[in-house]
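Heads up, the thing below is written out as structure tokens.
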Amino acid sequence: MTNLPISDLIRNSFSLAWRYKYLWLFGLFAAGGSGGPGLNLGGGDTPPDPETIRAWFLAAIAMILLVGLVLGTIVLILHVISKTGLIYNVYQIDAGGAHSLSAGWDFARRRFWPMMGLTLLQVCVIFFIVFVPVLAGALIFAASTPLGILAFMLIIPLCLGLVMGILVTWTYAERFLILESRRVTEAIADGWSLLKTEWRPSIITFLAEIGIVIGAIMVLWIVGLVTALPAIALWPVSKLFAIIYGAFILVPIFVVSSAYLGTFRSALWTRVFLALRAPAYAAAQTAAPENLGPAQPSSPMFE
């Protein structure tokens, strides 16, 4: 099992995320009209028609679902592109290769569908892993409250452990997919194999990441509350100025912080992955020197 200098990797990933600020655009998504006819429900003292109300209500629900679907699709596409672009650029930075926003975008475009498939599969697996035990626990709880409580005491830790394993497996799988051109199923199998082999540094990195994220969120909320004091003071005087203050001061703070943190997290896991895979790369280069492998910027996998 590899003994990783995780503290050094964390510190260097923070430094990389701060130095290469163009990556923040990827990092922001890598963490996930006006006008028209008015609603006429009746005029004067005439009560609204129940059928009209029902029709407008259904139309509003349909519109909300449609807008949510469109926005969700856009965010998902940007999320997939951003994850791929970040992994590619961090690798190129560490390998001394060419890196840029446009290069990351171009590479992400070429690897979009495999990464999209991997991402959607992760969502489905996590949903299944969480939904089935929770549904079973709910049925047990409905039949017997004491047994239901006992079931949930067992189900919650089990689900958390399974979700953690899935998240780390998919984190490695994404890098197998991007950096070693694996197929989706191969990337998942290799990710799970790497987690089983290197479970200790993987768990330590995961827990360290969770601790850092929780700490960053706490600091961010404290800074946000302190910064929001002028908006709170302005609210009774002028709600418009308070909203403008929040839009131009508070929103950028949260956006920039999220982008920086997303860049750091991706850089950390990419560097952990490369460190864990270094022995395999060295062995491959020794066996076949003409194969440069993923540790070189001119690797065939980026052709």
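Of all residues in the stretch 113-125, those being over 16 Å from the mean Cα position of the chain (by Cα) and surrounded by 14 or more Cβ atoms within 10 Å (Cβ to Cβ) number 1. Close Cβ contacts (under 7 Å, 6 or more residues apart or on different chains) running from residues in the stretch 176-193 that are of a type in the set (Asp, Glu) to residues that are surrounded by fewer than 24 Cβ atoms within 10 Å (Cβ to Cβ) comprise 180/301; 190/182.
Could you please find all residues in the stretch 111-136 being at pLDDT 90 or above and more than 21 Å from residue 167 (Cβ to Cβ)? Correct list: 112, 113.
For the stretch 158-202, the candidate set comprises residues that are part of a helix (DSSP H, G or I) and among the hydroxyl-bearing types (Ser, Thr, Tyr); within that set, the residue that is farthest from residue 89 (Cα to Cα) is 197. Scanning the stretch 133-157 for residues that are part of a helix (DSSP H, G or I), over 21 Å from residue 202 (Cα atoms) and either hydroxyl-bearing (Ser, Thr, Tyr) or under 25 Å from the mean Cα position of the chain (by Cα) (or both) gives 133, 134, 145, 155, 156. Residue count for the stretch 48-103, restricted to those that are outside any helix (DSSP H, G or I) and closer than 30 Å to residue 272 by Cβ: 5. Within the stretch 185-202, the set of residues being within 21 Å of residue 109 (Cα to Cα) and either surrounded by fewer than 18 Cβ atoms within 10 Å (Cβ to Cβ) or more than 21 Å from the chain's Cα centre (by Cα) (or both) comprises 185, 186. One residue is enough: does the stretch 53-70 have a residue meeting the conditions surrounded by 10 or more Cβ atoms within 10 Å (Cβ to Cβ), small (Gly, Ala, Ser), touching a Ser or Thr at 6+ places or on another chain (Cβ under 7 Å) and modelled with pLDDT under 85? No, the stretch 53-70 has no match at all.
The test for being more than 15 Å from residue 121 (Cα to Cα) and within 17 Å of the chain's Cα centre (by Cα) does not hold for residue 215.
Yes or no, residue by residue, for (1) farther than 16 Å from residue 79 by Cα; (2) surrounded by fewer than 14 Cβ atoms within 10 Å (Cβ to Cβ):
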| position | (1), (2) |
| --- | --- |
| 111 | no, no |
| 127 | yes, yes |
| 148 | yes, no |
| 151 | yes, no |
| 160 | yes, yes |
| 174 | no, no |
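Within this structure, residue 97 fails the test of being farther than 22 Å from residue 26 by Cβ, modelled with pLDDT under 85 and in contact with a helix residue (DSSP H, G or I) (Cβ under 9 Å, 6 or more places away or on another chain).
The values are calculated or read from the model by the stated rules, or taken from the named source; none is laboratory data. Treat the numbers as computed from the prediction; the structure is a model and nothing was measured. Positions of Cβ are generated from backbone atoms using ideal geometry, with glycine treated the same way; all protein chains shown enter the neighbour counts.
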